[in-house]
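The values are calculated or read from the model by the stated rules, or taken from the named source; none is laboratory data. Since the model is a prediction, treat every value here as computed from it, not as a measurement. Cβ placement follows ideal geometry from the backbone for every residue including glycine, while neighbour counts extend to all protein chains displayed. Ligands, DNA and RNA are stripped out before the accessible areas are found, and what is left, the full protein with its side chains, is counted by its heavy atoms. Shrake-Rupley method; radii C 1.70, N 1.55, O 1.52, S 1.80 Å.
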Amino acid sequence: MSEKEKDVVVTEKVVSEADELPKTIVRRVVKDKLSQLSKDSEVNVLRESLQGFCESARIFIHFLSATASDVCKESKRQIINAEDVFKALEEIEFAEFVAPLRTSLEEFRRKNAKRKSESLKAKEMNKKGKMKEPPVTNGGGSEEEDEDESSEE
Amino acid sequence: MKRPGTYSGILSGGISGRTGPHLLPLARIKKIMKKSSDDVKMITGEAPIVFSKACELFIEEITKRAWNITLQGKRRTLCKEDVASAVITTDIFDFLVNLVSDSAKSEES
């Protein structure tokens, strides 16, 4: 009886959805890969098998995080960075992931740098625009400028 | 390190286009990371991004191996037993063996 109760406890140990990866996105990754692998015909994926993919990915994150944390500690630091994650991947025998991940990270860094410089430029333009606008109390000159601006729009 | 502008830009880019560096939500990944161990307290802004892409590659790897098993069985529907077999037959997926055995036990009961 007690063993059955234990079994029930194990099966009822369900992870809440908020702690899992979103199924729709996992499903998209699986479907995209399958369409690459079998271009001729459509492949079906049973819903219950998606659960296996989600759970596997969640445990992968746990495993990789714990390993990256150990790598970080060995370097006597407290903040896990990207390099710690790359070393951890090599330790858990996923070294083949490191190269494409580095490429992906470089791409993200470039895009991020672009966005930052663009937003900085936009801010500077706004500031300059505000400084150019003369005070409202003056006469015809300012009105003409306003009209010009509105016609440009 | 909190950079709200950075994240909001990435999320919109990642979800709207497949050319984005990642698809999986960074906040959810951070949550799972912090639950993995008490030692995981502080992570840089880039770490969840690397994790997101690593997860994608991992899911693709399992998919490829499970699909091979589906093909060997001359089927066109990938089922969870194919995923379980892929885990069991691949050395680097040893850390998932407990997950597979738990789900097998639950089926038997």
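Which FRET efficiency value, to the nearest 0.05, do you get for A:Asp19 and A:Arg47 by plugging their Cβ-Cβ distance into 1/(1 + (r/R0)^6) with R0 = 25 Å? Before the final figure, lay out the partial values.
On the way: r = 19 Å, r/R0 = 0.78.
Efficiency, from the Cβ-Cβ distance: 0.80.
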Computed accessible area, A:Thr103, all protein chains, 1.4 angstrom probe, square angstrom: 90 Å²
Buried area at the A-B interface (accessible, heavy atoms, 1.4 Å probe, summed, Å²): 5600 Å²
For segment A:20-104, the Rg and Dmax computed from alpha carbons only, in angstrom: 16.0, 52
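On a 1.4 Å probe surface of the protein chains, which of A:Arg58, A:Arg110, B:Arg76 comes out largest in accessible area, and what is the full order?
Reading off the accessible areas and sorting them downward yields A:Arg110, B:Arg76, A:Arg58.
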Out-of-range pairs (alpha-carbon distance over 26 Å; input A:Lys87/B:Lys31; A:Lys116/B:Lys64; A:Lys116/B:Lys35): A:Lys116/B:Lys64; A:Lys116/B:Lys35
